[in-house]
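The values are calculated or read from the model by the stated rules, or taken from the named source; none is laboratory data. Everything quoted here is computed from the prediction, not taken from an experiment. FYI the Cβ positions are ideal-geometry reconstructions off the backbone, even for glycines, and counts take in every protein chain you see.
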Amino acid sequence: MSGLADIGVRIVAAQDGLSGNGHALIHELDKRLERLAEQGATDAIDLRGLPLSAADLQMLEDFLGVGEIEARIDALGLTRVYETAYAGIWRVTYYSEDGKVVADVLEVTRQPGIITTPPGDVADACGRLREALGDLPPLPGRSTNNCEAS
Amino acid sequence: MSNGDIDARFPLELEAPRFGLKKPEARFDVQGDMGDDARIATAMKNFVRDFGAVAATYMESCIHCGMCAESCHFYVATGEAKYTPIWKLEPFKQAYKREMGPFAFFFRTFNLKKRTTVAQLKEWQELIYDSCTMCGRCTMICPMAIDIASLVGLARHGMAQAGLVPHELWGVAERSDREGSPLGATPKVFKERCEWLADEYEVSIPVDKARANIMVTMSSIEIMKYPQSIVATAKVLNHMGADWTFRSDGYEATNFGMLSGNAQWQKDISLRLINAAIACGAELLILPECGHAYGALRWQGANVYGKPLPFKVRHISEFLAENLQNGRIRVQPLAKTMTFHDPCQVSRRGGAMEAPRQAIRALGAELVEMKETGGLNWCCGGGGGVVTIHRADPIRYKAFQIKMKQVEDTGAEVLTSTCSNCRQTFDDGQAHFHWDKTMTSLLELVADNLAEAPSERPSAVK
Amino acid sequence: MDLLSFARGPALQWALVIFLLGVVWRLTGILLLGRAPDYSEPRNAPAWPGAFKLILTRSWPKREFAARTAFGETMSYVFHIGLAIVVLGFAPHILLIQSLTGLSWPGLPTGLVTLSAALTAGALAVLLVRRLMHPVLRLISNFDDYFSWLVVMLPVVTGLMATAHAGPRYETMLAVHILSAELMLAWLPFGKLMHSFLVFVSRGTTGALFTRKGAAL
Amino acid sequence: MNDDQTLEQALLRQGVSRRAFLKYCAALASLMAMPASAAPALAEGLAKARRPAVIWLSFQECTGCTESLTRSFYPTLETLIFNMLSLDYHETLMAAAGFQAEAAREAAMARNHGKYLLVVDGSVSTGLDGSYSTVAGHANVDTLKRAAQGAAAIVAVGTCSSFGGIPKANPNPTAARPVSDIVHDKPIINISGCPPIPEVITGVLAQYLTFGAIPELDEHRRPRIFYGNTIHDRCYRRPFYDQGKFAKTFDDEGARNGWCLYELGCKGPTTYNACATVKWNEATSFPIQSGHGCLGCSEPDFWDKGSFYKPLSTPTWSDRAPLAAGAVGGLALGVAAAAVARHRQKRITEEQ
């Protein structure tokens, strides 16, 4: 009887050619960016929901380039956000705490939601700030600040 | 109906371009005075008799593709769907499915195939007789290779026994059985003709030699209308120095018994030839320039006889070809262009396709083939007894136009064939259309161009 | 039992039983009928090579008939060849044949098979219209012709639908496809589809008989 | 208990920031193949959702489903899901046991009557009045009926509770039935699979929480979002099927080349599940990727649909005796038909 060792294994290279989906996606981005410019409509494309080969993704990255802003958000693992060379197109990549990609999105917007401060957080921060302010020793001759208006 | 009545009602028309009986009105013909029940029972009995493995294979195999219509001169000429060859067999197929097929039990029990009726057979009389020359061209196109022509031949058996044959065809067949010839060429008439022709053309025509190597037969069409053929036959055989004879007890090669579908008459007629040949100890029986005679004796003769025939049967064209090639017949060159009309029963269905062409080449003529030729030749439209049936004339003339066009397209100077029935159909068509082409006989062409100084070798020729 | 299990299980078994029973029944019932001896002197002997010759050569139409039959023949070729590609070239079909007969061969790409099936369905549709329109075909057609058309068309259409995920869910469509093919199998011996066997018998018969006489084939 | 807290409140309390939650929703949307732009709406919906009480009942099962669930591939996010639920009763996972556990279940059922989510794994034995499988002296079938009365909806986790599964396989000695055969008056979501994909379980629960409604289901009451496509249609080996390239054995050239496993009996074409897209074990692989055909475990009666190793297009039987009998019968009928025909031929021909 032949042992398992006799079973040869051939590693077939993953499909790494351009599938054409990357090009289609850029056309799609063009349309959506136009809508953002004219109507202010935001949109998002899940890169993992599309059949993109590694080559497609690389081509997309090279094509879109890197713009002026890059942000790293540390909440339940890292999230990397950067604006591409085409203003209004953002790449948002979410990582789990052990560094695996859990979502990878191209957002067509003036500002990705994950960067924007959640309204609840602002209210909470206001309360916390006031608390912290109470602990701060007052400067002589000044009254307490008020942030009720926010 | 007594035979005398038939002769009176349908007298022979010997002056017409083709022989036949006087033209009756269009009708369904019925012979005898059987009731419908008896008639259908008789038809069934004779249909059923013929259902063997071969007929069954054919009737089970049709896929209703309709291609056979495209090969049939009657459909092509008229465009009428009812002339589709396989449709002509519908009542026959119906009877088969009901009585003999593997699922006959269900067809009968659930009446999936109705009983064939007399009315149906009357309606089909025109299709089985008037519009089918049994030329077998449809066999050539059929993707299942169903031999429709042979089935029509079988279907005619039941029709004939049930007395459902077109009158003229029935009439000539009956006369043939009774008188020994369909066209009045009784033994007496035949012998007188031979004597007269021998005198007139100064040629020796042996009749009723007690022993002869070769027994020669004639078609009554030749005897009555083209007697030069008798002369030509004698000239050629004498030229070869052959030991041959005609027999007054077996000279008529046509078999209208077969064409009408009367199996008994077919047998009677064939046995005359067979017995005569045996009587004179012939080793070879030569069939004349007649198409269906070849099918009747060359291929069906032994089966009618019930055992192999003690002599060979050859068509005159085969005989001519063999002896032209081996030099026993020597001819002067005939420097003309010639086209050859293949008689269906000799060429396509008989298998003697090359012989006439070899003979034409031996004559030195330039053979110009028609576009569809040999096994795919268009029928003249007159075979299978159709030429005798007057009510078939309109469609026969239409079909003949296909033939005329074919001949015209060759541009050949001489038009020839090896079937006197084709020849009379051509003559009739020529007269009807005032055509300038006359059909000739290959046998007569050979006889007219025999080389001088005939070799009177006494040795027998096989 | 779900429909697919029924189709692959008892339905397939019954269809095959009926198919085999019918084919053997019909062929035996025909071939065991009487056969008259032929005493005539043969022109060619033995004649049986002619049977094989005609079985082969009659598959190709004669040039002389082409002008009048080209359309129907082309359509018939398309659907016969298309059907052959689909039945004999599609891997799942080959597996079925293999599981029943042990014979196997490489399959063809699905795209080619799908294209063939589409062409087959198209040709079949055209041929039905032709059958309904052409005076000759209309005259000579009967229930068998239309029903046989249907039972051939159904597996092609349901197969295409299953492949395209059209209609009901795939497993249902697959079951319907298999059932439709089983209907075809079960009907085959009893109607004109039997020509898939009889073509050899019929052509062989004529081939041998005519070769004996030296007649044209 | 903090049953009236919104999810947002509960999460904040545990130190999960709003951004972290938004991120979780983005991941969830991606997982469920929702449009990426739907993530904020999902976050908003989930944030406002109340934590529902969950009662988890286990019947004739192997604990594979629970094992699967606890091996979800984003550990942090997985925790999150559990944080979203108030898992009041789960025999395997809860600390309490015996009478305490029973009391906890009764209490949770009473407190959340009409609102709790009933999760069931395992098939329900109905043979011998249900006495094949009992917990604390109660037949499973009775426990199910009772628990179903106060449930807002029932989630059947695993093929056993969805379709009967292996306990229901021939000859089904315990007369096992799926939940949907017992309970007819409550919405039921089937999450089939043996076991189901953990992310699919959490995904369905999250979706139910977010939208507060039963998701769109297929004929077998499975959420279309995960069970909308066959394994075959989403399989990375599909191109080989289309090219007609198949592994013929498990160790041939084709198998080594990673060709399609159809000929080895893969049930991918008729199996609806998300294995080919979501995959297993931290999205590492799934059966076909590791070289074995799909067994079709998320389909009803998968155990009884013939061999796992017989191709889908082949018969489920292998006995050819009936075929031989058919041929012999045909021969007999053919001979008889010919004999009868020849007899009739003789009779008809001779009668006058």
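For the range D:3-23, give me each residue that is closer than 24 Å to A:ILE89 by Cβ and either in contact with a Leu (Cβ under 8 Å, 6 or more places away or on another chain) or away from chain A (no Cβ under 11 Å) (or both). Result: D:LYS23, single match. Scanning the range D:147-175 for residues that are over 16 Å from the mean Cα position of the chain (by Cα), in contact (Cβ under 8 Å) with a residue 40 or more places away in the chain and over 21 Å from D:GLU216 (Cα atoms) yields D:ALA147, D:GLY150, D:ASN170, D:PRO173, D:THR174, D:ALA175. Residue under question is D:GLY293, and the condition is that it be free of Cβ contacts under 8 Å to residues at least 60 places away in the same chain, under 27 Å from D:ASN172 (Cβ atoms), under 27 Å from the mean Cα position of the chain (by Cα) and within 14 Å of chain C (Cβ to nearest Cβ); does it hold? So D:GLY293 fits the description; yes.
Quick grid of which residues meet (1) away from chain C (no Cβ under 11 Å); (2) without any contact (Cβ under 8 Å) to a residue 60 or more places away in the chain:
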| residue | (1), (2) |
| --- | --- |
| D:GLY244 | no, yes |
| D:GLU253 | yes, yes |
| D:ASN273 | yes, no |
| D:PHE302 | no, no |
| D:THR316 | no, yes |
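Taken over the range B:263-319, the residue count meeting the criterion of being in contact with a helix residue (DSSP H, G or I) (Cβ under 7 Å, 6 or more places away or on another chain), small (Gly, Ala, Ser) and surrounded by fewer than 24 Cβ atoms within 10 Å (Cβ to Cβ) is 1. Could you identify the single residue in B:ILE128, B:ILE148 that is within 11 Å of chain C (Cβ to nearest Cβ), aliphatic (A, V, I, L, M) and either buried (at least 21 other Cβ atoms within 10 Å of the Cβ) or under 30 Å from B:GLU372 (Cα atoms) (or both)? Exactly one of B:ILE128, B:ILE148 is within 11 Å of chain C (Cβ to nearest Cβ), aliphatic (A, V, I, L, M) and either buried (at least 21 other Cβ atoms within 10 Å of the Cβ) or under 30 Å from B:GLU372 (Cα atoms) (or both), namely B:ILE148. Considering the range C:1-61, the qualifying helices (runs of 4 or more DSSP H), each wholly inside and each with 2 or more residues that are hydrophobic (A, V, I, L, M, F, W, C), within 21 Å of the chain's Cα centre (by Cα) and at the interface with chain D (Cβ under 8 Å from one of its Cβ atoms), run over C:12-31. Of the residues making up the range B:320-336, those that are more than 14 Å from chain C (Cβ to nearest Cβ), assigned to a helix (DSSP H, G or I) and surrounded by fewer than 24 Cβ atoms within 10 Å (Cβ to Cβ) are B:ASN323, B:LEU324, B:GLN325. Annotation note: of D:ARG238, D:ARG221, the sole residue that is touching a helix residue (DSSP H, G or I) at 6+ places or on another chain (Cβ under 9 Å), under 30 Å from D:THR6 (Cβ atoms) and basic (Lys, Arg) is D:ARG221. Answer yes if at least one residue in the range D:212-228 is assigned to a helix (DSSP H, G or I), within 21 Å of C:PRO168 (Cβ to Cβ), among the charged types (D, E, K, R) and within 10 Å of chain C (Cβ to nearest Cβ), and no otherwise. There is no residue in the range D:212-228 that is assigned to a helix (DSSP H, G or I), within 21 Å of C:PRO168 (Cβ to Cβ), among the charged types (D, E, K, R) and within 10 Å of chain C (Cβ to nearest Cβ). The single condition from (1) part of a helix (DSSP H, G or I); (2) within 12 Å of chain C (Cβ to nearest Cβ); (3) over 30 Å from D:TYR24 (Cβ atoms) that D:LYS310 fails is (1).
Against the condition of a type in the set (Gly, Ala, Ser) and under 30 Å from D:THR270 (Cβ atoms), how does C:GLY9 come out, does it pass? For C:GLY9, the condition - of a type in the set (Gly, Ala, Ser) and under 30 Å from D:THR270 (Cβ atoms) - is met. Are any of the residues in the range D:79-89 more than 10 Å from chain A (Cβ to nearest Cβ), farther than 29 Å from A:ASP104 by Cα, in contact with a helix residue (DSSP H, G or I) (Cβ under 7 Å, 6 or more places away or on another chain) and modelled with pLDDT of 75 or more? The answer is yes; a qualifying residue exists.
So is C:LEU217 assigned to a loop (DSSP other than H, G, I, E, B), facing another protein chain (nearest Cβ under 9 Å) and surrounded by fewer than 20 Cβ atoms within 10 Å (Cβ to Cβ) or not? Spelling it out, C:LEU217 is indeed assigned to a loop (DSSP other than H, G, I, E, B), facing another protein chain (nearest Cβ under 9 Å) and surrounded by fewer than 20 Cβ atoms within 10 Å (Cβ to Cβ). Residues of the range B:298-317 that are part of a helix (DSSP H, G or I) and facing chain C (nearest Cβ under 10 Å): B:ARG298, B:TRP299, B:GLY301, B:ALA302, B:ASN303, B:VAL304, B:TYR305. The set of residues in the range B:361-386 being within 14 Å of chain C (Cβ to nearest Cβ) and part of a helix (DSSP H, G or I) consists of B:GLY374, B:GLY375, B:LEU376.
One residue alone among A:ALA85, A:ALA71, A:ALA123, A:ALA132 is of a type outside the set (Asp, Glu) and either assigned to a strand (DSSP E or B) or surrounded by 18 or more Cβ atoms within 10 Å (Cβ to Cβ) (or both), and that residue is A:ALA71. For the range C:175-214, the set of residues classified as buried (at least 20 other Cβ atoms within 10 Å of the Cβ), more than 9 Å from chain B (Cβ to nearest Cβ) and among the aromatic types (Phe, Trp, Tyr) consists of C:TRP187 only. For the criterion of being touching a residue at least 60 places away in the same chain (Cβ under 8 Å), facing another protein chain (nearest Cβ under 10 Å) and of a type in the set (A, V, I, L, M), C:LEU83 fails. B:GLY66 versus (1) of a type outside the set (Ser, Thr, Tyr); (2) modelled with pLDDT of 65 or more; (3) under 24 Å from the mean Cα position of the chain (by Cα): which is the lone unmet condition? B:GLY66 satisfies all of (1) of a type outside the set (Ser, Thr, Tyr); (2) modelled with pLDDT of 65 or more; (3) under 24 Å from the mean Cα position of the chain (by Cα) except (3). Of C:LEU139, C:LEU103, all but one fail to be at pLDDT below 95, surrounded by fewer than 19 Cβ atoms within 10 Å (Cβ to Cβ), under 30 Å from B:CYS138 (Cβ atoms) and touching a helix residue (DSSP H, G or I) at 6+ places or on another chain (Cβ under 8 Å); the exception is C:LEU139. Applying the criterion of being facing chain D (nearest Cβ under 9 Å) and touching a Leu at 6+ places or on another chain (Cβ under 9 Å) to the residues of the range A:109-127, the residue that is farthest from A:THR84 (Cα to Cα) is A:ASP124. Residues of the range C:184-217 that are closer than 18 Å to C:LEU32 by Cβ and among the polar types (S, T, N, Q): C:SER202, C:THR205. Being outside any strand (DSSP E or B), of a type in the set (A, V, I, L, M) and either touching a residue at least 60 places away in the same chain (Cβ under 8 Å) or under 12 Å from D:ASP121 (Cβ atoms) (or both) is the filter here, so list the residues in the range D:43-73 that pass it. Scanning the range D:43-73 gives D:LEU46, D:ALA49, D:LEU69. Entry remark, the range B:66-106: residues being buried (at least 24 other Cβ atoms within 10 Å of the Cβ), among the charged types (D, E, K, R) and free of Cβ contacts under 8 Å to residues at least 40 places away in the same chain number 0 in total. The conditions of being within 14 Å of chain D (Cβ to nearest Cβ) and either modelled with pLDDT under 85 or outside any helix (DSSP H, G or I) (or both) are met by A:THR79. Of the listed requirements (1) within 10 Å of another protein chain (Cβ to nearest Cβ); (2) under 27 Å from D:ASP218 (Cα atoms), D:PRO287 misses just one: (1).
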